[in-house]
Amino acid sequence: MNKASWNKDDLYQLYSTPFIDLIHQAHLVHRAHFNSTDMEICSLLSIKTGSCPEDCGYCPQSAHFKTGVKKEKLMELAEVIKQAKRAKDAGAKRFCMGAAWRNPPAQEFSKILEIVKAVKALALEVCMTLGMLTLEQAEQLKKVGLDYYNHNLDTSPNYYKRIITTRTYEDRLETINYVNIAGLNICCGGIIGMGESREDRVNFLLQLSKLPKPLKSIPINRLIAIKGTPLEKATIIDNFEFIKTIACVRIMFPESIIRLSAGRHEMSDEMQVWCFMAGANSVFYGDILLTAKNSTIDRDKRLFKKIGIEAFTMQEK
Ligand code: SAM
Ligand code: DTB
Ligand code: SF4
């Protein structure tokens, strides 16, 4: 099914397809657009940690919850460069930096621009996720060489209100619009397993499909239920439902890179490989994500060797 526009019925039909058939369909789409053994390796660094004024119910960095995350102010440029060089030496192609802000404060913004320039000079692809942006900020980031901006819709519009009260879905869409106008590549995805229904997942995927095209990368996180957050007791999503969601994303977005993001450390090797079969072709590589655990580099090296993923590159066919 290669479609220009998607509706609810299409999505329910995909979810109702027998599991093996759906994965087969997604894998055919995947192979038509990418080499099946290519995996994009991204490195992630928290450049400003904790004490975020937002109340995102999943997030360990929100000032509203007691999660034990140590707050840190904006990292010095020299330290960011050191970490970026280390990531490059470890094989990363893309360096993604995250800040626990509602929006980047004006007084820190020139430092952010310096960081983008310096990381770009290392011949890495540069991605940032800093919260909401003004159009002017998005344009300034583009000017200094930022490649991607990550800003997730995270879930359906309806479920969003139950997870976050300090901003709206429309706020999110507005920043994505500015990122697009500024000519930055959009990286936008979400979290699966926050207690949302299949209908929410369907509506979330439909929202992604309405964003400006092409959507360059789509991070799919599986909730890490963090102690101290309102979602600490969320029921773990069924593995098959999660894999099916990845397959739906692959079928809907044949040319996008799909990143199996948070939650890999709690998945078995086999579960991860099902996600790769279903169309995921990018991971965060490094022992920690922003503050939470990731699958370790040693484990990833062993897994990739076992399944024949050796080239840490990404070339579109
Ligand atoms: N503050 C910025 C923002 O909200 O856009 C950037 C950082 S924020 C941590 C980036 C994304 O991380 C969120 O949109 C969410 O998708 C993901 N995330 C945060 N906590 C998570 C968790 N416990 N489990 C899975 N994904 C999580
Ligand atoms: C995304 O979608 N997932 C990454 C990245 N974009 C910035 C972040 C995952 C964060 C997991 C919780 C933590 O490490 O604090
Ligand atoms: Fe802040 Fe982003 Fe965490 Fe929300 S997800 S609390 S905006 S760091």
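The values are calculated or read from the model by the stated rules, or taken from the named source; none is laboratory data. Keep in mind it's a predicted model, so treat the numbers as computed, not measured. For neighbour counting, all protein chains shown are included, and Cβ atoms are generated from backbone atoms with ideal geometry for every residue, glycine included. For the accessible areas, the whole protein counts, side chains as well, though only heavy atoms, and no ligand, DNA or RNA atoms are used. Shrake-Rupley method; radii C 1.70, N 1.55, O 1.52, S 1.80 Å.
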Inset, instruction - Answer yes or no: is there a residue in segment 79-89 that is open to solvent by less than 40 Å² (accessible area, probe 1.4 Å) and within 14 Å of ligand 1 (Cβ to nearest atom). - result: no
Inset, instruction - Please enumerate the residues belonging to segment 127-157 that are closer than 19 Å to residue 200 by Cα and not in a loop (DSSP other than H, G, I, E, B). - result: 154, 157
Legend entry - segment 143-170 - residue that is more than 23 Å from residue 210 (Cβ to Cβ) and over 19 Å from the mean Cα position of the chain (by Cα) and, of those, nearest to ligand 2 (Cβ to nearest atom): 166
Inset, instruction - Name every residue in segment 158-170 that is open to solvent by less than 40 Å² (accessible area, probe 1.4 Å) and part of a helix (DSSP H, G or I), in order of residue number. - result: 159, 160, 163, 169
Legend entry - Exclusive hit being exposed (fewer than 14 other Cβ atoms within 10 Å of the Cβ) and over 30 Å from residue 244 (Cα atoms), set 3, 71: 71
Legend entry - Failed condition for residue 116, given (1) open to solvent by 30 Å² or more (accessible area, probe 1.4 Å); (2) closer than 16 Å to residue 46 by Cα: (1)
Inset, instruction - Looking at (1) polar (S, T, N, Q); (2) away from ligand 3 (no atom under 14 Å from the Cβ); (3) in contact with a helix residue (DSSP H, G or I) (Cβ under 6 Å, 6 or more places away or on another chain), find the lone condition where residue 155 falls short. - result: (2)
Legend entry - Unmet criterion (only one of (1) aromatic (Phe, Trp, Tyr); (2) open to solvent by less than 20 Å² (accessible area, probe 1.4 Å); (3) at pLDDT 95 or above; (4) farther than 26 Å from residue 25 by Cα) for residue 178: (2)
Inset, instruction - Identify the residue in segment 125-138 that is away from ligand 2 (no atom under 16 Å from the Cβ) and among the aliphatic types (A, V, I, L, M) and, among all such residues, is least open to solvent (accessible area, probe 1.4 Å). - result: 138
Inset, instruction - For segment 235-317, please list each of the helices (runs of 4 or more DSSP H) lying entirely inside it that holds at least 1 residues being of a type in the set (S, T, N, Q) and open to solvent by less than 10 Å² (accessible area, probe 1.4 Å). - result: 239-252, 269-277
Inset, instruction - For residues that are surrounded by fewer than 20 Cβ atoms within 10 Å (Cβ to Cβ) and in contact (Cβ under 8 Å) with a residue 12 or more places away in the chain, tally how many sit in segment 8-28. - result: 6
Legend entry - Matching option when the condition is in a loop (DSSP other than H, G, I, E, B), out of contact with any Gly (no Cβ under 6 Å at 6 or more places or on another chain), on the phi < 0 side of the Ramachandran plot and of a type in the set (Gly, Ala, Ser), among 92, 78, 118, 84: 92
Legend entry - Failed item, numbered, when residue 210 is tested on (1) open to solvent by less than 50 Å² (accessible area, probe 1.4 Å); (2) over 20 Å from residue 127 (Cβ atoms); (3) modelled with pLDDT under 95: (1)
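Every residue, every condition in (1) part of a loop (DSSP other than H, G, I, E, B); (2) in contact with a helix residue (DSSP H, G or I) (Cβ under 9 Å, 6 or more places away or on another chain); (3) surrounded by fewer than 20 Cβ atoms within 10 Å (Cβ to Cβ), yes or no:
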| position | (1), (2), (3) |
| --- | --- |
| 173 | no, yes, yes |
| 191 | no, yes, no |
| 202 | no, yes, no |
| 214 | yes, no, yes |
| 218 | no, yes, no |
Legend entry - Exclusive hit being open to solvent by less than 10 Å² (accessible area, probe 1.4 Å) and in contact with a Gly (Cβ under 6 Å, 6 or more places away or on another chain), set 153, 141, 146: 153
Inset, instruction - Pick out the one residue from 196, 139 that is more than 10 Å from ligand 1 (Cβ to nearest atom) and either under 19 Å from residue 242 (Cα atoms) or in contact with a helix residue (DSSP H, G or I) (Cβ under 6 Å, 6 or more places away or on another chain) (or both). - result: 196
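Give the residue that is nearest to ligand 3 (Cβ to nearest atom), with candidates limited to residues of segment 96-125 that are among the hydrophobic types (A, V, I, L, M, F, W, C) and within 17 Å of residue 151 (Cβ to Cβ).
Restricting to residues being among the hydrophobic types (A, V, I, L, M, F, W, C) and within 17 Å of residue 151 (Cβ to Cβ), the top hit is 100.
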Legend entry - Hey, residue 236 modelled with pLDDT under 95 and among the β-branched types (Val, Ile, Thr) or not: yes
